[in-house]
Amino acid sequence: MYKLLVLAGDGIGPEVMAEVEKVITWFDQKDGIAFDVSQDLVGGAAFDVHSTPLHDDTLERARHADAILLGAVGAPKYDNLDFSVKPERGLLRLRKELDLFANLRPAVCFDALADFSSLKREVVAGLDIMIVRELTSGVYFGEPRGIEDDGQGGRIGINTQRYTSEEIRRVARAAFVLAGKRGGKLCSMEKANVMESGVLWREEVQQIGDTEFPEIELSHMYADAGAMQLVREPRQFDVIVTDNLFGDLLSDAAAMLTGSLGMLPSASLGAMGEQGRPKALYEPVHGSAPDIAGQGQANPCAAILSFAMALRYSFDLADAAQRLESAVAKTLEDGLRTPDLLQNPGAHPATTCEVGDAVVARLEAAG
Ligand code: IPM
Ligand code: MG
């Protein structure tokens, strides 16, 4: 029995997670994989009830879950809250407290959607890259930080980019292991030309490669050049490993290459636990999309594909993951699409709920 904690969060989070729960129920009832699902609050939804975006009890439940499935956090009505209780802090605290240091963000271009990319079909067709973003350190968490008076009537905003060699090594190892299971290529990105933390990053990654993964083809790029290569010729990459902030930017750029943010899942993994399972949180890359929340327009595919990642990375159920991914691809091919995936304005959009049902129906049809 696998324990899943669903934190639907804000905006379109609850809508897309309702579709994920249908998929979970299907696997539980029809495929013999027993899941024990419970729900809790995160982000603005938690703030409304507990005056904090992540209650300690929720964190405690998260620690004991086999996997956490998160929807999205954030809404305009929380924009003026103090930084420490903004919805985003709930997510950042989960990442940090559970030490989920390796964030896997695949950018896969589904054939049925290649024409949605802002790049030409021939540049993106068949694209399948994996960005591994360091998630618990760097400038997101480095001290000192804050806004201070400079004593002369002005102010100073401060953030600190800080990495220890061990923080670099552990995320590098995760990326090398993934590269070994994929195309055997890893590209590491930093700004070693201007940042000491980048010099350390490059040296540590190179050393892990030389000593532990000599069979992986390792290269290094400055992150700005990497961004340029990502939009020039994205298929040159297999796995990319980079720090927290560069990973945030590069993964959004990579996401757009695939045509729709509404299709991209992610996994945030920590160290291996006793049962051979990493601490893990799965979430769609898209945000809470307050502009379309509650209208049945949200694309549930990224959230559903995040659950496929859970099957693969938490429960070692690669076959089930594959079947779920195929069911999503088939749903798109059959034209059941939310408005974000419709080119022809006359085309009939499917609702969030219809897409979820269609995915379940295709799982069922595939047996
Ligand atoms: C992401 C988001 C988050 C981040 C925000 C919501 C805190 O942009 O997961 O990429 O910056 O890490
Ligand atoms: Mg981001």
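Note on the range 269-299: residues that are under 21 Å from residue 87 (Cβ atoms), among the charged types (D, E, K, R) and crowded, with 22+ Cβ neighbours inside 10 Å amount to 1.
Tell me, which residue of the range 278-324 that is part of a loop (DSSP other than H, G, I, E, B) and aliphatic (A, V, I, L, M) is nearest to ligand 2 (Cβ to nearest atom)? Spell out how you get there, then give the answer.
If we filter the range 278-324 for residues that are part of a loop (DSSP other than H, G, I, E, B), which is where we start, we get 285-289, 293-300, 314-317.
Pick out the ones that are also aliphatic (A, V, I, L, M) and you get 285, 289, 293, 298, 317.
Working: 285: 7, 289: 14, 293: 19, 298: 18, 317: 28 Å.
Only one residue tops the list, namely 285.
Among the candidates 75, 102, single out the residue that is touching a residue at least 60 places away in the same chain (Cβ under 8 Å) and either in contact with a His (Cβ under 6 Å, 6 or more places away or on another chain) or open to solvent by 20 Å² or more (accessible area, probe 1.4 Å) (or both).
Values: 102 fails: either in contact with a His (Cβ under 6 Å, 6 or more places away or on another chain) or open to solvent by 20 Å² or more (accessible area, probe 1.4 Å) (or both).
Criteria check complete, one pass: 75.
Under the condition of being within 21 Å of residue 139 (Cβ to Cβ) and open to solvent by 10 Å² or more (accessible area, probe 1.4 Å), the residues counted in the range 252-268 number 2.
Among the helices (runs of 4 or more DSSP H) confined wholly to the range 1-95, which include 1 or more residues that are of a type in the set (Ser, Thr, Tyr) and modelled with pLDDT of 95 or more?
Details: elements: 13-30, 44-50, 56-64.
Helices (runs of 4 or more DSSP H) meeting the threshold: 13-30, 56-64.
Of everything in the range 207-217, what is of a type outside the set (Ser, Thr, Tyr) and open to solvent by 40 Å² or more (accessible area, probe 1.4 Å)? Give them in sequence order. Once the filter is applied, which keeps residues that are of a type outside the set (Ser, Thr, Tyr) and open to solvent by 40 Å² or more (accessible area, probe 1.4 Å), the range 207-217 yields 207, 210, 212, 214, 215, 217. Among the candidates 204, 196, the residue that is farther than 22 Å from residue 307 by Cα and open to solvent by 40 Å² or more (accessible area, probe 1.4 Å) is uniquely 196. Among all positions in the range 288-295, there is at least one residue which is under 18 Å from the mean Cα position of the chain (by Cα) and within 16 Å of ligand 1 (Cβ to nearest atom).
The values are calculated or read from the model by the stated rules, or taken from the named source; none is laboratory data. Not measured: the values here are computed from a predicted model. FYI the Cβ positions are ideal-geometry reconstructions off the backbone, even for glycines, and counts take in every protein chain you see. The area values use the complete protein model at the heavy-atom level, side chains included, leaving out ligands, DNA and RNA. Shrake-Rupley method; radii C 1.70, N 1.55, O 1.52, S 1.80 Å.
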